[in-house]
Amino acid sequence: MSAPSVRPVSEREARQVAEAAREQDWKKPSFAKELFLGRFRLDLIHPHPSPAVEDVRRGEEFLSKLRDFCETRIDSARIEREARIPDETIEGLKQLGALGMKIDTKYGGLGLTQVYYNKALALVGSASPAIGALLSAHQSIGVPQPLKLFGTQEQRDTFLPRCATTDISAFLLTEPDVGSDPARLATLAVPDGDDYILDGVKLWTTNGVVADLLVVMARVPKSEGHKGGITAFVVEAASEGVTVENRNAFMGLRGLENGVTRFHQVRVPAAQRIGPEGAGLKIALTTLNTGRLSLPAMCVGAGKWCLKIAREWSTVREQWGRPIARHEAVGSKIAFIAATTFALEAVVDLSSQMADEDRNDIRIEAALAKLYGSEMGWLMADELVQIRGGRGFETAASLAARGERAVPAEQILRDLRINRIFEGSSEIMHLLIAREAVDAHLSVAGDLIDPEKTLGEKAKAGARAGGFYARWLPKLVTGPGQLPRTYTEFHPPGHRDLSGHLRFAERSSRRLARSTFYAMSRWQGRLETKQGFLGRIVDIGAELFAISAACVRAEALRAEGDHGTEAYQLADAFCRQSRIRVEELFGRLWTNTDELDRKVVSSVMSGAYEWLERGVVDPSGEGPWIADATPGPSKAENVHRPIH
């Protein structure tokens, strides 16, 4: 079998493609960006922003209808058993208006805010994570969002009414041998008069099996009159030459309509190109700025469910004469789930409200929410399985068969696992956030560490950097976090004291910035290879963002008279847990096994440890590691099944 058709790309070219796709400017303030620079701008998030009254009314009205639908029309056990969302369930969601939650009312959508869209996803995702994934892929990254941001008025008028009411959409970027390195994208869109001819294969096309409309990323060759580059298109899934060759199956999200889609000589009108040629990756990344919030929103829903099951089970299950919740070994797990759910909801709600107000640049906040939510959601589900013991490992169907409550704890663990990979794996998210976190440094000092810059360019960069650091470094020495009476509004009478946690966050923000500067000074251009260090920097920033969001949300709930005492207690518990993790991460910045690990990896890859693999058999089947993706006509049956 021939090798996949992927063009060779150098490391430098791959980096240039990724860099060109970034939003280069920071036109609006960003709490998280300032946090990584050692500037704790609490004023950017406190007082907690609030939604408009009319937005709340419309949002709550829809949530009430959606809750009734989830309770009466969604059979989660059936979806898990049949590995498919029933057509009638999807039709019901269409009639409810769930396909158009984020689409403006003038196009037939509901026009919900980001806050209520995320609340809706948390609700429906708790009923069925597969349905949550379908709705999220359709609206967060599918056709509606890129058209809202970059589409022409004609495109919006043509496609948004369909997306709001009848048509499911999907987003197609990944290829069999192309994941997070889009410079190697092999799918081609060759200009032909007023059309483009599309050829290629896309992998893991969520919603692709049932989709009516596709957002497809393809490479346009550079030619006379064509700038070329990775470009976005709206493609009709029913077009001649589009074949869904396989419906993929996974360890979780068994109802997910995810497949392999082949394009062979598919004619796409130029009028269906989104934005100019070469803007595809920027469109994708900009779409994900808010689109990424859907995953942590569903992790919030999962955390709430985990807390409910942990509470109910740990009350009735007794060991050694008392409920297991009263045993510290189990109780600490319940405390972790409760505190983390509170903080994660604070992160998502705050980021979502800032997205709605559009006052701040939230690209880092949304990325942190996705990274932190997916990692913590997985940990909460894992702790629930442990609390449930053998019953946590047993399937809901098996529990029901022997007369016990059908609690799908093992299913939520499987379903949540993909969130650490979806829409940017945790490893890629670490690198993406780290790049944004050091953007200010690279803006002033990047030429100093660029081997291709001339001595003259380096001299100018040195002067520029000298001025920046002369002003910036002294501000990292001292700050409000060292003054015992700052943030006192977070210690109201009769409530726990959260002011100390904010002082810790401010001090840690400056410490984080100093650590980043020291690393740049020490490793210079090699810093980008220190992925372990950069990952810990990002993880510290995520914890500090969560601490800040939790405190701000607790104070907002207290001011509104809405469970203020309990919110302060949860925020205090979370902050204390988080501070322990932060201190550990700071210690691991400089005391770790990164260098030794690199040597071990080199030995593994050279085959030096093959003797360690002896004594087992490999049950894997035959076949290539990566399927052939050579362009050409499909030889498979088309398993596309639009739902109408």
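Points to keep in mind about this one:
- Histogram of C-alpha separations across the stretch 460-592, 5 Å bin width, %: 2, 10, 17, 17, 16, 13, 10, 7, 4, 2, 1, 0
- Other residues lying with their Cβ under 15 Å from the Cβ of VAL600 contribute a combined charge of -3, Lys and Arg counting +1, Asp and Glu -1.
- Dividing the convex hull volume of the alpha-carbon atoms in the stretch 117-216 by its residue count gives 130 Å³ per residue.
- Student exercise, the stretch 266-344 dipole from Lys, Arg, Asp, Glu Cβ charges, in Debye to nearest 20: 100
- Working note: Karplus 6.51/-1.76/1.60 with θ = phi - 60° gives the stretch 431-441 the couplings 5, 4, 5, 4, 4, 5, 5, 9, 4, 4, 5 Hz, where Gly and Pro are set to x.
- Long pairs among LYS33/LYS304; LYS27/LYS282; LYS106/LYS304; LYS33/LYS370, criterion Cα-Cα beyond 24 Å: LYS33/LYS304; LYS106/LYS304
- Using the Karplus relation 6.51 cos²θ - 1.76 cosθ + 1.60 with θ = phi - 60°, the per-residue 3J(HN,Hα) values for the stretch 349-362 come to 5, 5, 4, 5, 5, 5, 5, 5, 6, 6, 8, 10, 7, 10 Hz, with x marking Gly and Pro.
- Enclosing the Cα atoms of the stretch 306-435 in their convex hull gives a volume equal to 121 cubic angstrom per residue.
- Simple spin-label estimate for GLU60 and GLN524 gives 6.1 nm between the two label positions (7 Å along the Cα-to-Cβ direction from each Cα).
- Packing, as the average of other Cβ atoms within 10 Å across residues, places the peptides 234-245, 504-515, 393-404 in the order 504-515, 234-245, 393-404, highest first.
- Averaging over all projection directions, the Cα-based convex hull of the stretch 204-265 occupies 5.0 nm² in the image plane.
- Within the accessible area of the chain (1.4 Å probe), percent carbon and sulfur: 54
- The relative contact order of the chain, computed from alpha carbon pairs under 8 Å that lie at least 6 residues apart in sequence, is 18 percent.
- Sites SER603 and GLN265, calculated FRET efficiency, Cβ-Cβ separation with R0 45 Å, nearest 0.05: 0.40
- Scattering curve values for the stretch 430-481, log₁₀ I(q)/I(0), Debye with Cα scatterers, q = 0.20, 0.21, 0.30 Å⁻¹: -0.79, -0.83, -1.05
- Accessible area expressed per residue, the stretch 144-266, with surrounding protein chains retained (probe 1.4 Å, Å²): 36
- Cα-only Debye scattering, the stretch 246-335: base-10 log of I(q)/I(0) at q = 0.10, 0.20, 0.26 Å⁻¹: -0.58, -1.10, -1.19
- Taking the C-alpha atoms of the chain, convex hull volume expressed per residue in Å³: 191
- Gain on full stretching of the segment that runs from ALA627 to ASN592 - 0.36 nm per residue minus C-alpha separation: 8.8 nm
- Descending semi-axes in Å of the stretch 34-110, equivalent ellipsoid built from Cα gyration tensor: 36, 19, 13
- Here the spin labels are modelled as points 7 Å beyond Cα on the Cα-Cβ line, and at ARG435 and ARG405 they lie 4.6 nm apart.
- Pairs of Cα atoms nearer than 8 Å and 6+ residues apart set the relative contact order; for the stretch 251-349 it is 25 percent.
- For the stretch 495-569, the calculated P(r) over all alpha carbon pairs, in 5 Å bins from 0 to the bin holding the longest distance, is 3, 15, 20, 16, 13, 10, 9, 6, 5, 3, 0 percent.
- Diffusion coefficient of the stretch 368-478 by Stokes-Einstein, Kirkwood radius over Cα pairs, 10 °C, 1.306 mPa s: 87 µm²/s.
- Rounded D (µm²/s) - the stretch 232-282, Kirkwood Rh over Cα pairs, Stokes-Einstein at 4 °C, 1.567 mPa s: 99
- 3J(HN,Hα) couplings calculated from phi for the stretch 407-419 with the Karplus curve 6.51 cos²θ - 1.76 cosθ + 1.60 (θ = phi - 60°) are, in sequence order, 9, x, 5, 5, 5, 5, 5, 5, 5, 6, 4, 5, 5 Hz; Gly and Pro show x.
- Largest-first ordering by accessible area, 1.4 Å probe, given options GLU318, GLU23: GLU318, GLU23
- In the assembled protein chains, THR290 presents an accessible area of approximately 30 Å² (probe radius 1.4 Å).
- Given charges at Cβ of Lys, Arg, Asp, Glu: the stretch 487-641 dipole, positive-most of SER521, GLY561, THR630: SER521
- What the Cα atoms of the stretch 287-379 give is an Rg and a Dmax of 16.2, 55 Å.
- An ellipsoid equivalent to the stretch 31-187, defined through the eigenvalues of its Cα gyration tensor, has semi-axes of 27, 24, 19 Å when rounded to whole angstrom and sorted largest first.
- Residue-level accessible surface for MET605, protein heavy atoms, 1.4 Å, Å²: 150
- Evaluated at q = 0.20, 0.23, 0.26 Å⁻¹: base-10 log I(q)/I(0), Debye formula over Cα of the stretch 331-406: -0.86, -0.98, -1.10
- Residues whose amide H falls under 5 Å from that of TRP204, counting only those 5 or more places apart or on a different chain, are GLY259, with hydrogens built in the peptide plane.
- Around the amide H of ILE274, modelled in the peptide plane, lie the amide H atoms of ALA232, PHE233, VAL234, all under 5 Å away and 5 or more residues distant in sequence or on another chain.
- In the chain, a dipole from Cβ-located charges (positive for Lys and Arg, negative for Asp and Glu) runs towards its positive end, and of THR287, GLY38, ILE449 it is GLY38 whose Cα lies farthest in that direction.
- Here the contact order of the stretch 430-508, divided by its residue count and restricted to Cα pairs under 8 Å and six or more residues apart, works out to 21 percent.
- Net charge over other residues, Cβ less than 14 angstrom from the Cβ of VAL444 (K, R count +1; D, E count -1): +1
The values are calculated or read from the model by the stated rules, or taken from the named source; none is laboratory data. The structure presented is a predicted model; accordingly, all values stated were derived computationally and were not measured. A quick note on method: Cβ atoms are made from the backbone with ideal geometry, for glycine too, and the neighbour counts reach across all protein chains shown. Side chains included, ligands, DNA and RNA excluded: accessible areas come from the protein's heavy atoms. Shrake-Rupley method; radii C 1.70, N 1.55, O 1.52, S 1.80 Å.
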